[in-house]
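Derivation of every value follows stated rules applied to the coordinates shown; laboratory data play no part. Note that this is a predicted model, so its numbers are computed, not measured. Cβ atoms come from the backbone with ideal geometry, glycine included; neighbour counts cover every protein chain shown.
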Amino acid sequence: MAKIKTAFFCQNCGAQSPKWQGKCPSCGQWNTYVEEVIQKEEGGKGTWKQSTGNKKTATPQKITEVNYEEQPRWVTGDPELDRVLGGGIVPGSLVLIGGEPGIGKSTLMLQIALTLKGKTVLYVSGEESEAQIKMRADRMAAQNPDCFVLSETNTQQIFQQVELLKPDFLVIDSIQTLNSQYVESAAGSVSQVRECTAELMKFAKETGTPVFLIGHVTKDGTIAGPKVLEHMVDTVLQFEGDRHLTYRILRTSKNRFGSTHELGIYEMRVDGLRMVANPSEILLTQREEVLNGVAIGAMMEGNRPLLIEIQSLVSPATYGTPQRSSTGHDAKRLNMLLAVLEKRGGMRLGNQDVFLNVAGGMRVDDPGLDLAVCASLISSYEDTPVSEKICFAGEVGLGGEVRAVSRIENRISEAEKLGFAKIVVSKYAVKGLDLKKYKIQVLQVSKLEEMYQLIF
Ligand SMILES: [Zn+2]
């Protein structure tokens, strides 16, 4: 019998080492190394074998002479997904959908499988039985008679079925449940996840079949999940949103076939996920009266302008140290803006609790929202509402100056489309722009002070 070969893998980043280490030299995490058996059978490589075995030797080609045919993308029945992927599914691509357990990844993938009309889809689940998947599919509005389900975790078994069925589209739910017989360690371990992904990658590339993988991530990131996988796949999508909120956000964090930072929004309903065509409408709360501490910001997410509601509450701290809390917005950025308001705006915030919330469970990092955040904080502090017909787009600097932000035209147009009467922007952003073409009134400011005088 051959000697069993083992290696140690960091369960956080996937680094490999011949001996155990306390601290991972690659990602700096402590106590993450676990021994895994990596022995392989003789000739074990190449589990996906294509029937035609004639191998071509690659020779260098002149770049001008390389034949290149752009493969048409498949447009799915889901415009949100198409946009996030950069215009549809690329044949032969390996796409990873990551997200916390229970967020709805399986629901999303099953729905996509059901909306791909006219394509043979194989949905492989290592988590649920065929009957459970059927039960979920029955609750959904979309139906696809060419969607096949398979409850299986062994990759060799899966490939056998794939060869028989020859699906156009393969879904794996989830990569952590798969195991390959060529790797001895348990399902979900780094070496197993790596091997299974490599096998699927080979399958996708050789057959031109797009493969979607679902990958779980836990909050502390202890599972050998997308962190290891991200480097191997073509596209990484993240499915996120608060489990208790009805909205879900699908965003790209890596894409070999398109831009990242694209975003799709879904509403979780009993009959599946509904695409939200106009997200600004849901991100702006419908309300009867004007509230203090609310301001609307015009932000960009990828190529898409969004109007989003920023809410804040500034109130005297009753218990000792004042609290600073922000949901959906960077806490450091909030602290910086508070310092600017204190120093440049003369607001006394040292003894105030400050809570900031981005409506709709969104997570935002566009500095163009600074002006809206400031307006919302001032509004709560002064107990004076901001008119609901005004929105903001501008970055605030340490000197209290209002800076230009990217794609100001898209932001202004979106605000106009949604019926806002005025938008406050940096005067440096609209240089050379013909403002007369807008129905919306564009107010230009260069300092926070000017914004204050205009609004309050
Ligand atoms: Zn590591």
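Check the cysteines of the chain one by one and keep only those with no other cysteine Cβ under 4.7 Å from their own.
Cys147, Cys196, Cys374, Cys391
Classify the range 357-454 as rounded, prolate or oblate, taking a ≥ b ≥ c as the square roots of the eigenvalues of its Cα gyration tensor: rounded when a/c is under 1.5, otherwise prolate if a/b is larger than b/c and oblate if not.
It comes out rounded by the Cα gyration axes.
Per the helix-only calculation at 222 nm, which mean residue ellipticity applies to the chain, given -39500 (n - 2.57) for every DSSP H run of n ≥ 4 and division by its residues, nearest 500 deg cm²/dmol? Mind dumping the intermediate values first?
Working: 11 runs with 112 residues, N = 456.
Helices in the chain give a 222 nm mean residue ellipticity of -7500 deg cm²/dmol.
Give me the extension gain from Lys437 to Arg139: residue separation times 0.36 nm, minus the current Cα-Cα distance, reported in nm with one decimal.
On the way: separation 298, 0.36 × 298 = 107.28 nm, distance 4.78 nm.
Fully extending the segment from Lys437 to Arg139 adds 102.5 nm.
Considering every pair of different Cα atoms, what Kirkwood radius, in Å, is found for the chain? Mind dumping the intermediate values first?
On the way: mean 1/r = 0.0402 Å⁻¹.
Here the Kirkwood hydrodynamic radius works out to 24.9 Å.
When you count, for each residue, the other Cβ atoms within 10 Å and take the mean per peptide, how do 416-424, 346-354, 255-263 rank with the highest first?
On the way: 416-424: 17.8, 346-354: 14.7, 255-263: 16.2.
The peptides rank, most packed first, as 416-424, 255-263, 346-354.
Once label points are set 7 Å from the Cα along Cα→Cβ at both Arg269 and Glu206, what is their separation, rounded to one decimal in nm?
Going from the Arg269 label point to the Glu206 one covers 4.3 nm.
So, with +1 on the Cβ of K and R and -1 on the Cβ of D and E, and no other charges, what is the size of the charge dipole of the range 321-387 about its Cα centre, to the nearest 20 debye?
Details: 7 positive and 8 negative charges, 41 e Å.
Approximately 200 debye in magnitude.
Taking only the alpha carbons of the range 134-235, what extent do you get along each of the three principal axes, in Å, biggest first?
Extents along the principal axes, in whole Å: 37, 32, 24.
Which whole-Hz ³J(HN,Hα) couplings does the range 107-116 yield from phi under the Karplus relation 6.51 cos²θ - 1.76 cosθ + 1.60, θ = phi - 60°, glycine and proline marked x?
Once rounded to whole Hz, the list reads 4, 4, 5, 5, 5, 5, 4, 7, 8, 7.
Testing the spin-label approximation: label points 7 Å from Cα along Cα→Cβ at Ser129 and Ala198. State their distance in nm.
3.5
Give me, ordered by chain and number, the residues 5 or more places off Asn255 or on other chains with an amide H under 5 Å from its own placed amide H.
Val236
To the nearest 20 debye, what is the magnitude of the charge dipole of the chain about its Cα centre, counting +1 on the Cβ of each Lys and Arg and -1 on the Cβ of each Asp and Glu? Mind dumping the intermediate values first?
Values: 52 positive and 54 negative charges, 198 e Å.
Value, rounded to 20: 960 debye.
Which value, in debye to the nearest 20, gives the size of the charge dipole of the range 48-174 about its Cα centre, when Lys and Arg are +1 and Asp and Glu are -1 at the Cβ? List each step's numbers first, then the result.
On the way: 13 positive and 16 negative charges, 70 e Å.
Dipole size: approximately 340 debye.
Taking θ = phi - 60°, what integer Hz values does the Karplus form 6.51 cos²θ - 1.76 cosθ + 1.60 yield along the range 179-184, in sequence order, with x for Gly and Pro?
9, 10, 6, 8, 10, 8
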